[in-house]
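Inspection log for the structure reproduced underneath, given as structure tokens.
The values are calculated or read from the model by the stated rules, or taken from the named source; none is laboratory data. In this text, all values refer to a predicted model and were calculated from it rather than measured experimentally. Because the Cβ atoms are built from the backbone with ideal geometry, glycine has one as well, and the counts that use them run over all protein chains shown. Just the protein is used for accessible areas: all its heavy atoms, side chains included, with ligands, DNA and RNA removed. Shrake-Rupley method; radii C 1.70, N 1.55, O 1.52, S 1.80 Å.
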Amino acid sequence: SQMLMFTAYLAVVVALYLVPLAISSPCIMEKKALAPKPAILGHRGAPMLAPENTLMSFQKAVEQKVSGVQADVVLSYDGVPFLMHDKTLRRTTNVEEVFPERAYEHCSMFNWTDLEKLNAGEWFLQNDPFWTAGSLSRADYLEAANQSVCKLEDMLEVIKDNTSLILNFQDLPAAHPYYSTYINITLETILASGIRQQAVMWLPDTERQLVRQVAPGFQQTSGLKLDAERLREKGIVKLNLRYTKVTNEEVRDYTMANLSVNLYTVNEPWLFSILWCAGVPSVTSDSSHLLRKVPFPIWLMPPDEYHLIWITSDLISFLVIVGVFIFQKEEYPEPQWRLGSIRTYNPEQIMLSAAVRRSSQDVKIMKEKLIFSEINNGVESTDELSFCSENGF
């Protein structure tokens, strides 16, 4: 059993020592090979600092000097493009208070005059989805509480000068009066805003050919992970993918094929650092105000330094283990060492020692057997016996 325990312990220790050989991280690299810092795009504006897809949210994103923003566009029943991510208005507006009987209707089935009556900011302060509402200044808190549903036109006016844009679209219900023409209306709104065509990343696959004709400068972007050859055939120049759906090798392959990759939604500095090391060109984030402050990837480390740290740690831990075993041997010797003096007594002597001042025929017999045993073992004197009896023997 001791050998089995020792073997199991040894196997665990060896496995821990070999773990570094199985660890792979993009940030184990030479610093000179590090790619430029990924561009940061605000996800629905700056949703940690203001209610998502509101005018205030995009104003905050511009203040944070993001490279671009992402927005969700839908068309109202009377043909006005506005910003809304969900199919209904329940999560981000007070529609249940203003129009309780229509709370579960598709958001595109509301006229703009009805949408203007809704508050799109109070939910942010009440639900505090990112635990950031308490850190807002008094002025920002009051401004957030009074946000309304945002027109696409108003958002474009805020971001058009120095910021790029990823547009995502909701599918309209078949009963919508602009079901077949909403792409045309949205295109007209974008082109009329004056934003540079090269700054627009067009994501929907619907009517892509029409979009190329009307706005040839748009960056045709796909949300599907296809092979590079098929993407080039479709005229795609950029990919917009969830960061969990793409590997480091695929990012490198797309980059070599002159395809830019944007990954979403990246909120943590450690994740941003890994993607930076992997060479990702841009990310979409809810926390653009935090990521823009990351000056350098976390734990960026040359391979030689990484190996040196692990080898040093292994050597130190090995010395500690050996020291513990040696100390344990000296502090707690083996049982045969500690019981060496007892092993010179035979069973009768031990049993007799346990019989303290007890007179019986059995004790007398044990005394006689003990005396004969000691004589047979060459003991010349019985002074060594460490027991007492009724007669003081």
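Please give the strands (runs of 3 or more DSSP E) falling wholly within the stretch 1-117 in which 3 or more residues are within 30 Å of residue 294 (Cβ to Cβ). Can you show your working first?
Numbers: elements: 39-43, 68-75, 81-83.
Counting at least 3 such residues, we get 39-43, 68-75.
How many residues, within the stretch 113-133, are in contact with a strand residue (DSSP E or B) (Cβ under 7 Å, 6 or more places away or on another chain) and either crowded, with 17+ Cβ neighbours inside 10 Å or basic (Lys, Arg) (or both)?
The first filter runs over the stretch 113-133 and keeps only residues in contact with a strand residue (DSSP E or B) (Cβ under 7 Å, 6 or more places away or on another chain), leaving 115-116, 118-120.
Pick out the ones that are also either crowded, with 17+ Cβ neighbours inside 10 Å or basic (Lys, Arg) (or both) and you get 115, 118-120.
Residues meeting the conditions: 4.
Is it the case that residue 319 is over 22 Å from the mean Cα position of the chain (by Cα) and not assigned by the TED database to the domain that holds residue 201? Walk me through it before giving the result.
Numbers: over 22 Å from the mean Cα position of the chain (by Cα): yes; not assigned by the TED database to the domain that holds residue 201: yes.
Yes, satisfied.
Go through the stretch 244-273 residue by residue and tally those that are assigned to a helix (DSSP H, G or I), over 13 Å from residue 41 (Cβ atoms) and out of contact with any Pro (no Cβ under 6 Å at 6 or more places or on another chain). Steps first, answer last, please.
The first filter runs over the stretch 244-273 and keeps only residues assigned to a helix (DSSP H, G or I), leaving 244-245, 248-256, 269-273.
Keeping just the survivors that are over 13 Å from residue 41 (Cβ atoms) gives 244-245, 248-256, 269-271, 273.
Adding the requirement that they be out of contact with any Pro (no Cβ under 6 Å at 6 or more places or on another chain) leaves 244-245, 249-256, 269-271.
So the count comes out to 13.
With respect to residue 184, is the statement that it is open to solvent by 20 Å² or more (accessible area, probe 1.4 Å) and under 36 Å from the mean Cα position of the chain (by Cα) true?
Working: open to solvent by 20 Å² or more (accessible area, probe 1.4 Å): yes; under 36 Å from the mean Cα position of the chain (by Cα): no.
Here the answer is no, as residue 184 does not meet what is asked.
Of (1) surrounded by 18 or more Cβ atoms within 10 Å (Cβ to Cβ); (2) closer than 18 Å to residue 193 by Cα; (3) at pLDDT below 95, residue 162 satisfies all except one. Which?
Residue 162 satisfies all of (1) surrounded by 18 or more Cβ atoms within 10 Å (Cβ to Cβ); (2) closer than 18 Å to residue 193 by Cα; (3) at pLDDT below 95 except (1).
Criterion first (acidic (Asp, Glu), on the phi > 0 side of the Ramachandran plot and open to solvent by 30 Å² or more (accessible area, probe 1.4 Å)) does residue 78 satisfy it? Let's see the steps before the verdict.
Details: acidic (Asp, Glu): yes; on the phi > 0 side of the Ramachandran plot: no; open to solvent by 30 Å² or more (accessible area, probe 1.4 Å): yes.
No: the conditions fail for residue 78.
Conditions: (1) out of contact with any strand residue (DSSP E or B) (no Cβ under 7 Å at 6 or more places or on another chain); (2) modelled with pLDDT of 95 or more. Residue 305 meets all but one. Number of the miss?
All conditions are met except number (2).
Among the numbered conditions (1) open to solvent by less than 30 Å² (accessible area, probe 1.4 Å); (2) within 27 Å of residue 72 (Cβ to Cβ), tell me where residue 273 comes up short.
Among (1) open to solvent by less than 30 Å² (accessible area, probe 1.4 Å); (2) within 27 Å of residue 72 (Cβ to Cβ), residue 273 violates only (2).
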